[in-house]
Structures are given as C-alpha cells and as structure tokens.
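A short worksheet on the structure shown next.
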Amino acid sequence: MTPYIIAFLEDGTDNWGITIETIIDFVFLVDLVLNFRFAYVNKMFEVVDDQNKIARHYLKTWFAVDLLAIMPFELIARGFGAAGGVSFSSLGKVPKMFKLVRLFRILKIIKEREKFIQIIKDLVRIEIGYERLIFFILLFVTVLHINACLWVFIGKTAEDYENSWIKKAEQEDMPNAQLYISSFYFVVTTITTVGYGDYSGTNSTEKMFCSLLMICGVLSFSFSTSSLSSIMSTKDQTSAVMLERMRILTEIDEKY
C-alpha cells in the first residue's frame, strides 16, 4: 500500500489513505520496539537472548532502516514550514519527495525473506526448491508494483508537468485505477525490454528512470534464468538420489 499512497493520494485529502498509513506506521513502530526484545541467531548459530546484546545487534543492523521507514518526514516538514512562516503548499514537491523514504519498508521483505519462504512452504506444500521460484515471482510482482507507482509519482511531480508522460499520454483526467493500469502496463513492457512505444519518457528524469528499468529487466532475466536452472538441477539430483534409494531397497527386499 505504501507505494500506492505515495503516488496517488494527496496530503490530507483521502481519509481512508491516512487511516491505512497510520495503521501501517503503528505496526512498524511495534515491530521496531519488539526487535529490541527478540532473540537472534549469531554467526556461530547460537541463540542470543541477552537483552543488551540483542539491543546492540539491532542497532548495528536494521534499526536505521526501520526508523527511516516510520519517520514522519512530512509532519516534520510541516512543522519547520510553520515555524518559518512558510506554507506547506509553497514547499512544492519537497514533502512528496520525503514520502519516498517510506519505501525503506520494502527492505523488510529482504530482511524477512527466510520467514516468507518458510510461510510459502507451509501454505503451498511444494517440493524443495520451488519455494524460491514462488518467492522470486512474488518479489518480481512487488518490484513491478513499486515501479508502476514511482512512474506515476515521477509524472505527477515533474517540474514541467506539460512535458510529462501523463500529460503527453492524455492520462491526467483518468481515475487512479486507470492511471495505475497504464503505468503498470508501461513498467511491464519496459522491464521486459519489449517496449511497444505507446508510452515513453518525455523528459530527462523519465528517460533516466526508463533506462534503470531496462537495466533492471536485463538483470532480472539473467537471475530468473539461473534460478530456474538451479531449481531444475536440484530437482534432478533429488530425483536421482530417491531412485537410487528405491533401487537399493528393492534389491534388499528381493534378496532377503
């Protein structure tokens, strides 16, 4: 939800968006506090439950990321603006740029990837190795969603809005759902290096974003190819070991 809220919801105009954002902030705050209490496994595979060691370990690892994810930069900007006699609207797109910091929340997926993989294994009950493929697919869809929202955000915050992709594609009056679908479609065609050309970057910022998307697409394709090869190789090895064990058991049964 965070990327969608950043891209589509205007400050103070969508009550449901503010409510969801507040709930998400509260959940992340609770998680931050609990991380000072939860034991962890060190490099020697030992469970550390000493509170001082847990606190020091968390401060050295994910505390900064988790703190940035819940820091209310928009409220801070409002406070400084009010203190300096500057209206919030006159700050332009600066408060919206602060919202991008909330994307640090996405790093939680990387932080908790082992837990996500274990949940997938428990829910789907698939063979060993395939959970990595499912996790990669879910991660890829998440990346597409984030970039689709960023593409809308870039178009809306362009200094020269008349020269933005939203204006050129005549999408400025479209409802949010239609604008999101158009943006998602563009990201998919770009990141897969298909690029039909019906949407494209029209200014320097959008062109740089498109270039990064295509680089990301090439890297994702390479990674997915190697992952599929690894998964199939592991499956073949597992099947071979299983067949060999069955053969040995059959010989023992026939002999004795």
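FYI, it's all coordinate maths here, none of it is from the lab. Source: prediction; values computed, not measured. Note that we place each Cβ from the backbone using ideal geometry, even for glycine, and neighbour counts take in every protein chain shown.
Some observations on this one:
- Here the calculated FRET efficiency for K207 and L123, from their Cβ-Cβ distance with R0 = 45 Å, stands at 0.60, rounded to the nearest 0.05.
- Taking 0.36 nm per residue of separation and subtracting the current Cα-Cα distance, fully stretching the chain between D198 and L68 would add 43.1 nm.
- In order along the range 150-167, phi translates into HN-Hα couplings of 5, 5, 5, 4, 5, x, 6, 9, 5, 4, 9, 4, 5, 10, 8, 5, 5, 6 Hz, rounded to whole numbers, per the Karplus curve 6.51 cos²θ - 1.76 cosθ + 1.60 with θ = phi - 60° and x for Gly and Pro.
- Residues with amide H under 5 Å from that of Y40, placed H, sequence gap 5 or more: V48
- When the C-alpha to C-alpha distance is required to be over 27 Å, the pairs from K60/K207; K115/K207; K156/K207 that qualify are K60/K207; K115/K207.
- Pairs of Cα atoms farther than 21 Å apart, the range 131-195, %: 29
- Here the Karplus relation 6.51 cos²θ - 1.76 cosθ + 1.60, evaluated at θ = phi - 60°, turns the backbone of the range 186-192 into coupling constants of 4, 5, 4, 5, 7, 6, 8 Hz, with x for every Gly and Pro.
- Applied to the range 58-67, the Karplus parametrisation 6.51 cos²θ - 1.76 cosθ + 1.60 on θ = phi - 60° returns per-residue 3J(HN,Hα) values of 5, 5, 7, 10, 9, 4, 4, 5, 5, 5 Hz, with x for Gly and Pro.
- Dipole in debye (nearest 20) - the range 112-222, about Cα centre, beta carbon charges: Lys, Arg +1; Asp, Glu -1: 380
- Computed over Cα pairs, the Kirkwood radius of the range 112-222 leads via Stokes-Einstein (1.306 mPa s, 10 °C) to a diffusion coefficient of 103 µm² per second.
- Inter-label distance, nm, simple model (7 Å from Cα along the C-beta direction), V241/A39: 2.9
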